[in-house]
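Colleague: Can you read through this structure? Questions will come right after.
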């Protein structure tokens, strides 16, 4: 996700982030994208999967609120919410 903050000026990227957070909890058993191991799911116990699912659902909710704020013209609030999701490297408002 290092490349995401610089691309957030594209409205499709913001919407796609929201959709990602919606579907990601249903697809926790994926192959390691770095290719260091096989599936990431088998090494994750029930409690860790619960934490991951909760975090992704929270991100889905927060990204939805960021999109709503943007649609209402409240760009400061939208950017504040995206910064919570993506961290301090995400550009600040103003």
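The values are calculated or read from the model by the stated rules, or taken from the named source; none is laboratory data. What you are looking at is a predicted structure, and each value in this text was computed from that prediction instead of being measured. We place every Cβ from the backbone using ideal geometry, glycine too, and count neighbours over all the protein chains shown.
Colleague: Report the residue count in the range 21-49 for those that are exposed (fewer than 15 other Cβ atoms within 10 Å of the Cβ) and outside any loop (DSSP other than H, G, I, E, B).
Modeller: 8
Colleague: Criterion first (modelled with pLDDT under 95 and surrounded by 14 or more Cβ atoms within 10 Å (Cβ to Cβ)) does residue 52 satisfy it?
Modeller: yes
Colleague: Scan (1) out of contact with any strand residue (DSSP E or B) (no Cβ under 6 Å at 6 or more places or on another chain); (2) surrounded by 11 or more Cβ atoms within 10 Å (Cβ to Cβ); (3) in contact (Cβ under 8 Å) with a residue 12 or more places away in the chain; (4) farther than 18 Å from residue 80 by Cα for the single condition residue 17 breaks and write down its number.
Modeller: For residue 17, the failing item is (4).
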